[in-house]
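A.B. asks: Below is the structure I would like to discuss, written out as structure tokens.
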Amino acid sequence: MTAEPESEHFQHVERGYVQVIRVRTLLGWLPLVIGATVLDRALLDGWAIQGALPVAIGLFALISTAAAPPRIWQRLRYGLHPTLLQVLRGWLFHTDTIVPFVRVQHIDVTRGPWDKLFGTATLVVHTAGTHNSIVTLPGLSPERAGEIRELIRGHIRSDLE
Amino acid sequence: MTEVALSADEAPPERLHPLMLLSGLGGSLRGVAGGYAGIGYLAATGRLDTALILGALLLAGAIVSLLVYWRRFTFRVGTDELRIDSGLISRTHRSIPFDRVQDVDITQGPLQRLLGLASVTFDTGASGGSKEEGALNGIAVARAHALRDHVRARRGQAPAAVGTDAAEDARPLFAMDLRRVLTAGVFNFSLAIFAGLFGLTQTMGDVIGFEPFERQFWTDLLANAGPLTGFVQDHRFGAAFAGLLLLVLVGLLTGIARTLARDFRFRLDRTGTGLRRRRGLFTLTDVTLPLRRVQAALILTGPVRERFGWRELKLQSLAQDQGGGGDHQVAPLARDEELQPILAELGWQLPQGPLQPVSKAYVWTFCLALLPVLLIALVQAAVLAPLGLLTLALLGLVVAARWLGWRRTAFALGDDQLLVRGGWWQRRTLLLPLQSVQSVDLTENFIGRRFGTAGIRIGVAGGSGFSAHVIPSLPREKASQVRNALLSRFA
């Protein structure tokens, strides 16, 4: 591993993951939009600015749903080094996590309903650490997630022997 | 414990000590706290006989349930594992392999000490605060010690006799006399009693007519006090001063009392495979910490304590300390030279060479993040001068504290060890063997990126989940190098 990670070492996750983030973002905004609408109807009835709040929040939701997911996807990359797994993520707050394979305690591959719809899966790696003990790598194709799981599992086995 | 290998199934079943029925009653009675509120309510509303009947029922219930618990609770000690069978309707058969036991804790409450009993807890380091895992509440003290020796001998493959009896006469690794405990108490200044009082008056205030947190209470009191009112109002400054003095006194006394109860006759010994800590005034605790399980060491101090040369040493291990403390306290108040032998037992080589400071961006990014607060303060100052000035002064203090913290924040990286020092008020020095590293994060945020700095967060097993080990604000290049060095043994 070099001091500064070179870009060819890193792979992007499945393009379909953009849609997964998009759906999640939209669903995350939904309660706010509903809340704003209810608030608008109940409290601001008859005011001059009635209708402004839900429209503003709705617009904001649409803009962020359109703009944020590709950027988040762009930032989400991972690297498989001979003995390490590296995950880079975050748009405003960058995080660059490295987990040595031998430190992995167990591995999950999970697929939620949106994952199934867009053909992605999430790899979850558990270490013994209390802080940062769960490292997730979302947006992989199920086959790729399985491959990585087998790769890491091989290292756990060889460490024990 | 030199019998031939015995599986837990073949081992003879044992019960808890019958006297446990007596010592355990307190705990069962505490468990039905809701019932007392009912009794109190009934008694207060004049239905005394109903209250008595309810009380008798609760007592009978507690006794019967304890009897059933005792009757249905058996444990068997095999060579390799402990088996616990418990439960009346839903039976639980728990098996605890001694290989997985991190800690054998022996605790003796005041009543248990009178009866010669002890509670033994086998901590397997499993996550989740289920303290019920592997607890034997009330067996004879001798049996408790035998059990612990059994586990220790099994773990360390060393003769059990070396562990306990020899250590009894040997010089302890660290011990605290009464004077030291009292000194430690002074530094544990605590106003927790006021929080307790506050909670008590919130729930009971209406009944006992004592509500020191209501303005009405004091004005009524003063109105009734007559001449005293005049006196207090004439000497406002003196009254405020006396009140402050009282507050300090209460805080000091609380700290001393709590420390005395916890750390009385503190004694740390080196045993076969680990460290053994005994302490307590009313409740004696006896904890063994296998050295192999220690993940990191923390040396804590504060500005005042440092001035007098005092330090506190904690060890982070896979198991949790009693009372949910997280890290194991192995020296509550000690001199540097007293810590040396304890650290030497861990066999860690301290990094040599000077400490390296972190980037000054540590302060600047903090200031930038505070900009919104500064704006609010300025608006406040324009509209409502005194409040705004107060906010500005607070801001200044916070920034000054951050700057002082920056001056103290530094790290050193050795071949096998990382040392991180930080904090001005809470001064902590972390000693981390590189082999304890589980994962490493490099974090940047949108402010720090402007300064080209990144922080390092290190995942380490055990400890109290909230305090991650970090090196903040390093230049990007430097942060990468440090991370690679941290992970070099895995490459």
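A.B. asks: Nothing charged except the Cβ atoms of Lys and Arg (+1) and of Asp and Glu (-1): what's the magnitude of the dipole of the range B:340-491 about its Cα centre? Round to the nearest 20 debye. Could the numbers behind the result be given before it?
C.D. replies: Numbers: 14 positive and 6 negative charges, 68 e Å.
Dipole of the range B:340-491, to the nearest 20 debye: 320 debye.
A.B. asks: Listing A:V124, A:V13 from the residue with the fewest other Cβ atoms within 10 Å to the one with the most, what is the order? Spell out each step's value before the answer.
C.D. replies: Numbers: A:V124 16, A:V13 24.
Going from sparsest to densest Cβ surroundings: A:V124, A:V13.
A.B. asks: Could you state the angle between the C-alpha long axis of helix A:17-43 and the longest principal axis of the C-alpha atoms of chain A, as a value from 0 to 90 degrees rounded to the nearest 10?
C.D. replies: The angle comes out near 30 degrees.
A.B. asks: Report the paramagnetic label zone for B:V32: residues of the range B:56-79 whose backbone N is under 18 Å from a point 7 Å from Cα along the Cα-to-Cβ axis.
C.D. replies: Backbone N within reach: B:56-71.
A.B. asks: Can you give me the distance in nm between label points at B:K360 and A:E143, each placed 7 Å from the Cα along the Cα-to-Cβ direction?
C.D. replies: 5.6 nm
A.B. asks: Moving on. Report the FRET efficiency, 1/(1 + (r/R0)^6), for B:T92 and A:L32, where r is their Cβ-Cβ distance and R0 is 60 Å, rounded to 0.05.
C.D. replies: My answer for the efficiency is 0.85.
A.B. asks: Would you mind pulling out the separation of the Cα centroids of the range B:235-280 and the range A:51-121, in Å?
C.D. replies: Computed from Cα coordinates, the inter-centre distance equals 48 Å.
A.B. asks: Rounded to the nearest 0.05, what FRET efficiency is calculated for A:L117 and B:R450 with R0 set to 56 Å and r the Cβ-Cβ distance?
C.D. replies: Values: r = 39 Å, r/R0 = 0.70.
Once the sixth-power term is evaluated, E becomes 0.90.
A.B. asks: About the Cα centre of the range A:27-142, what is the dipole size in debye to 20, counting +1 per Lys and Arg Cβ and -1 per Asp and Glu Cβ, all else neutral? Each step should come with its number before you reach the end.
C.D. replies: Numbers: 8 positive and 5 negative charges, 67 e Å.
Roughly 320 debye, rounded to the nearest 20.
A.B. asks: With axes computed from alpha carbons, what is the tilt in degrees of helix A:52-75 against the longest principal axis of chain A, rounded to the nearest 10 within 0 to 90?
C.D. replies: Once rounded, the angle reads 20 degrees.
A.B. asks: Label chain A by shape, choosing from rounded, prolate and oblate, from the square roots a ≥ b ≥ c of the eigenvalues of the Cα gyration tensor; if a/c is under 1.5 it is rounded, and otherwise prolate applies when a/b is larger than b/c, oblate when it is not.
C.D. replies: Working: a/c = 2.79, a/b = 2.54, b/c = 1.10.
The shape class here is prolate.
A.B. asks: Could I ask something else about it? Using the crude model of +1 on Lys and Arg Cβ and -1 on Asp and Glu Cβ, and no other charge, please compute the dipole size for the range A:11-73 relative to its Cα centre, in debye to 20. Please report the intermediate quantities before stating the final value.
C.D. replies: Details: 5 positive and 3 negative charges, 53 e Å.
With Lys and Arg at +1 and Asp and Glu at -1, about 260 debye.
A.B. asks: Say the dipole of the range A:11-73 comes from +1 at the beta carbon of Lys and Arg and -1 at that of Asp and Glu; which of A:I57, A:L30, A:A67 then lies farthest toward its positive end?
C.D. replies: Farthest towards the positive pole: A:A67.
A.B. asks: Right, next: Which net charge results when you count Lys and Arg as +1 and Asp and Glu as -1 among the other residues whose beta-carbon is under 10 Å from that of B:I299? Each step should come with its number before you reach the end.
C.D. replies: Numbers: positive: B:R311, B:K314, B:R421, B:R427, B:R428; negative: B:E312, B:D336.
Within the 10 Å Cβ shell, the charges total +3.
A.B. asks: What's the angle, to the nearest 10 degrees (0 to 90), between helix A:142-160's Cα axis and the longest principal axis of chain A?
C.D. replies: Between the helix axis and the principal axis of chain A, the angle is about 40 degrees.
Where a number appears in this text, it was derived from the coordinates with a stated rule and is not lab data. Keep in mind the model is a prediction, meaning the values are calculated, not measured. Cβ atoms come from the backbone with ideal geometry, glycine included; neighbour counts cover every protein chain shown.
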